[in-house]
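Everything below concerns the one structure shown next.
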Amino acid sequence: MASSTRDGVETVASKVVGQSRRESLEEFLSDRKIMAFITVVPATLMFALIVAAPIVWSVVASLHSINALSPAWEFVGLGNYVELIGETRFWESFGYNLVWAFSTSVLNTVLGTAVALLLNQNFRFKRILTPVMLFPYLVPSAFFGYIVMWITTQQWGLLNQLLIASGLITSENVVAWFTGDPWTAMATLVGVHNWKFSIFVAILVYAKLQGIPDDLYEAAIMSGATKYQQFRDITLPYIKNVLFITVLLRGLWNFNMFDLIWVATNGNPIDSLITLPVYAYKIGFQFQELGKSNAVATTLFVVLSVVGIIYFKTAKPSQEVRVE
Amino acid sequence: MAHLEIDNLEKVFDTPDGEEVAVDGVSFEAEDGEFVTLVGPSGCGKTTTLRCIAGLETPTSGHILLGGREVTELPPNKRDISLMFQSIALYPHMTVRENIAYPLKVDGVSKADRTEPAAEAARTMQIEEMLDKMPGDLSGGQQQRAALARTVVQDPGVFLMDEPLSDLDAKLKAETRKEIQRIHEELGTPVVYVTHDQEEAMTMSDSIAVMNDGQIEQFGSPNEIFYRPNNLFVGQFIGQHGMNVVDAEVVDAGQGVSVAVDDYRPELRIEEKPRRLSTGPVKLGFRPENTVLETGDEHGAGIPGTVRLIETFGEEAVVTVDVGRPESLLAVIDSNRPLSKGAKVQVRIDRNAHIFDSETGDVLAHAEQSQKQPA
């Protein structure tokens, strides 16, 4: 009897201990600072490893002279940058890069919005046309670039064959899409880029368009608003912020774009059209000057950071349309 | 201000499952200054009718005349009408002022010239202080007023309103209802109002069109609709508690019409001698407000039944009585009356009743119970 009572007391006591332990653990966890620490640290570590470390590594590397074939890093300070600033090719590439990034981003946004507006209408064959339009975006860039390369090949590419068949050009003077004049190459590349990446904008804008109540348009129609006035006064205010975001995202991504350009132009056979990422690649992997290559990459990073900050300060894309 | 005439309006929608007739030969007129309500259950075609009048839908056939002018094919803004939406439909990114002035803006009125009418409309709706706020900052009732101001500013020939009160709570509903009536009286513009709420229809309208299945079942004043329903549907749809309907039999269609519900024979006094009435089965309809419950068990004094449910609303209580038929009967009684669940009662008709054709549901006779009460 007595022992069992003692056992009972002990069980109760150990339960109490267990309880207080759990309580103190809960108390420990419910401390704001500790909870914040526990939840933020994993993400911060991932960010540091995947994003911050390579940036730091790249910036440090840009201050050294590194030969790809030898492990030695020779500190040269801003030497690589001074060298770059003195190169005509660097400034040319920079110029092409700006034209490229600006024209693709603006056209992506305009064309993407147009596609979204089209998809938002009801028309016949919509169910067939929609996947056809979305398809290029679903294909990986490198694969897409490969298709483009075949289509644009000068002698037997699909594009030139179509133009010959429709009588617009003769087989004697086929268009050198990527191998002739740099601005032709640029225009072709911009066109190809829009074929694929306008769809990105279209998807985001289309999603937003779906959220605009029909009643607003009907109210406007009752007031006698034309299609253009409906777009200007209802659609545009609703999608404005999406457009700000897409311009920013496409701007950043297009500025840094390498894969599509590299593959579509078959490793950039003409030297006249070079964008900065391609230039960085060439310096690094063809001329084996890794330090200088990193200086180009760091320049890209700095330029984009500055543009991004200015953009966020002026456009304020976080201000949403208020919908009650 | 204008006279609105709807003539044999028909609207057929093409759906994947075939054609769907939404509006099936609707005709009615709204006199100058009249408040006409289209009321009916959802899917009865009332909103489609309104959208055809607004010009947001093109009717399959039929005509819409406004002030004698054919407007059936005209775009909405050429019709001299304005529409208030169920969802209010204020532009969330514009201030209240811009919202109200928007119809003027698209009309090409200069910014300076549209300030005054917009402020005037806001003053009429008593939301002047709200002009520079965004719709999201307004309360539900203020949003409703702003939406109303936007229709007022257009100075239309006809106001169309598509269930503008259905999203409001009961108190706000009653307030806004008064507001709409005030505006209607002040401006004298005819209103075509759509609702599924028979109470709204009864309290606001000069005329009511009760719709069902794309057709108007009855068009008339609230009194006519309530006291002289054309058919079973109107009888049951209108009225706070609907209408009790029981199977009955006309045993004498001669001079003194006599109707029997089993052994209960209410003595009914028929004002006009109906031509179509003959002996045989009919449906007898009477309102819960005109229904009396007696506690005696005298044979034939009423329809015998058992109290199943008592719902009390302040002074009144609605009693549901099982009478051994598929449909139970309702009676409105004084809530102070001591009556409990399970009590045996006799359901008697007090005052008005209506005799309907048992197959078509069309009314055969409106009857009053004779003053002579059974002992």
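Filtering region B:112-129 to residues that are open to solvent by 30 Å² or more (accessible area, probe 1.4 Å) and within 14 Å of chain A (Cβ to nearest Cβ) leaves B:ARG114, B:PRO117.
For region B:146-166, indicate whether the set of residues that are buried (at least 24 other Cβ atoms within 10 Å of the Cβ), over 25 Å from B:GLU200 (Cβ atoms) and more than 11 Å from every other protein chain (Cβ to nearest Cβ) is non-empty. For region B:146-166, residues buried (at least 24 other Cβ atoms within 10 Å of the Cβ), over 25 Å from B:GLU200 (Cβ atoms) and more than 11 Å from every other protein chain (Cβ to nearest Cβ): absent. Take A:ILE55 and decide whether it is β-branched (Val, Ile, Thr), farther than 30 Å from A:LEU276 by Cβ and assigned to a helix (DSSP H, G or I). So A:ILE55 does not fit the description; no.
Return the residues of region A:65-83 that are of a type outside the set (A, V, I, L, M) and within 18 Å of A:GLN286 (Cα to Cα); say none if nothing qualifies.
Start the filter on region A:65-83 by keeping residues that are of a type outside the set (A, V, I, L, M), which leaves A:65, A:67, A:70-71, A:73-75, A:77, A:79-81, A:83.
Matches in region A:65-83: A:SER65, A:ASN67, A:SER70, A:PRO71, A:ASN80, A:GLU83.
Is it true that B:MET84 is within 14 Å of another protein chain (Cβ to nearest Cβ), surrounded by 18 or more Cβ atoms within 10 Å (Cβ to Cβ), touching a Pro at 6+ places or on another chain (Cβ under 7 Å) and of a type outside the set (Ser, Thr, Tyr)? Step through it out loud before you land on a result.
Working: within 14 Å of another protein chain (Cβ to nearest Cβ): yes; surrounded by 18 or more Cβ atoms within 10 Å (Cβ to Cβ): yes; touching a Pro at 6+ places or on another chain (Cβ under 7 Å): yes; of a type outside the set (Ser, Thr, Tyr): yes.
Yes, satisfied.
Residue count for region B:273-300, restricted to those that are without any contact (Cβ under 8 Å) to a residue 60 or more places away in the chain and open to solvent by 90 Å² or more (accessible area, probe 1.4 Å): 6. Of the helices (runs of 4 or more DSSP H) lying entirely inside region A:61-169, those carrying at least 3 residues that are hydroxyl-bearing (Ser, Thr, Tyr), within 28 Å of the chain's Cα centre (by Cα) and surrounded by 15 or more Cβ atoms within 10 Å (Cβ to Cβ) are A:88-119, A:141-152.
Would it be correct to say that B:PHE219 is open to solvent by 50 Å² or more (accessible area, probe 1.4 Å) and at pLDDT 90 or above? Yes, satisfied.
Which of the residues spanning region A:174-214 are of a type in the set (Asp, Glu) and either more than 10 Å from chain B (Cβ to nearest Cβ) or buried (at least 17 other Cβ atoms within 10 Å of the Cβ) (or both)? Full working, then the answer.
Going through region A:174-214, the residues of a type in the set (Asp, Glu) turn out to be A:181, A:214.
Result: A:ASP181, single match.
Could you pull out the residue among A:MET222, A:MET186 that is touching a strand residue (DSSP E or B) at 6+ places or on another chain (Cβ under 7 Å) and in the same structural domain as A:SER105 (by TED's automatic domain parsing)? Steps first, answer last, please.
Details: A:MET186 fails: touching a strand residue (DSSP E or B) at 6+ places or on another chain (Cβ under 7 Å).
From the options A:MET222, A:MET186, the qualifying one is A:MET222.
Across region B:322-344, the number of residues qualifying as at pLDDT 90 or above, of a type in the set (A, V, I, L, M, F, W, C) and over 19 Å from B:VAL259 (Cα atoms) comes to 4. Residues of region B:130-145 that are open to solvent by 20 Å² or more (accessible area, probe 1.4 Å) and closer than 21 Å to B:ALA54 by Cα: B:ARG145 alone.
Suppose we filter A:ILE245, A:ILE283 for residues that are open to solvent by 30 Å² or more (accessible area, probe 1.4 Å) and touching a Leu at 6+ places or on another chain (Cβ under 9 Å); which single one remains? Going through A:ILE245, A:ILE283 in turn, just one is open to solvent by 30 Å² or more (accessible area, probe 1.4 Å) and touching a Leu at 6+ places or on another chain (Cβ under 9 Å): A:ILE245.
Applying the criterion of being small (Gly, Ala, Ser) and part of a strand (DSSP E or B) to the residues of region B:348-369, the residue that is modelled with the lowest pLDDT is B:ALA367.
Check A:TYR238, A:TYR217, A:TYR281 and return the single one that is closer than 28 Å to A:ILE55 by Cβ and either among the hydroxyl-bearing types (Ser, Thr, Tyr) or over 19 Å from the mean Cα position of the chain (by Cα) (or both). The conditions single out A:TYR281. Given the criteria open to solvent by less than 20 Å² (accessible area, probe 1.4 Å), closer than 17 Å to B:ASP263 by Cβ, in contact (Cβ under 8 Å) with a residue 12 or more places away in the chain and touching a helix residue (DSSP H, G or I) at 6+ places or on another chain (Cβ under 9 Å), does B:ILE303 qualify? For B:ILE303, the condition - open to solvent by less than 20 Å² (accessible area, probe 1.4 Å), closer than 17 Å to B:ASP263 by Cβ, in contact (Cβ under 8 Å) with a residue 12 or more places away in the chain and touching a helix residue (DSSP H, G or I) at 6+ places or on another chain (Cβ under 9 Å) - is not met.
Of the residues making up region B:44-68, those that are within 14 Å of another protein chain (Cβ to nearest Cβ) and of a type in the set (Ser, Thr, Tyr) are B:THR47, B:THR48, B:THR58.
Could you please find all residues in region B:23-51 being under 18 Å from the mean Cα position of the chain (by Cα) and part of a strand (DSSP E or B)? B:VAL23, B:VAL26, B:SER27, B:PHE28, B:GLU29, B:ALA30, B:PHE35, B:VAL36, B:THR37, B:LEU38, B:VAL39 - these are the residues of region B:23-51 that are under 18 Å from the mean Cα position of the chain (by Cα) and part of a strand (DSSP E or B). Residues in region B:70-80 that are within 17 Å of B:PRO190 (Cα to Cα) and at pLDDT 90 or above: B:VAL71 alone.
Among the candidates B:VAL246, B:VAL257, single out the residue that is over 22 Å from B:SER166 (Cα atoms), in contact (Cβ under 8 Å) with a residue 24 or more places away in the chain and more than 26 Å from the chain's Cα centre (by Cα).
Working: B:VAL246 fails: more than 26 Å from the chain's Cα centre (by Cα).
After ruling out the rest, the residue left standing is B:VAL257.
Of all residues in region A:215-268, which are among the β-branched types (Val, Ile, Thr) and within 10 Å of chain B (Cβ to nearest Cβ)? Answer for region A:215-268, where residues must be among the β-branched types (Val, Ile, Thr) and within 10 Å of chain B (Cβ to nearest Cβ): A:ILE221, A:THR226, A:ILE234.
The values are calculated or read from the model by the stated rules, or taken from the named source; none is laboratory data. Bear in mind the structure is a predicted one, so any value in this text is a computation, not a measurement. For neighbour counting, all protein chains shown are included, and Cβ atoms are generated from backbone atoms with ideal geometry for every residue, glycine included. Side chains included, ligands, DNA and RNA excluded: accessible areas come from the protein's heavy atoms. Shrake-Rupley method; radii C 1.70, N 1.55, O 1.52, S 1.80 Å.
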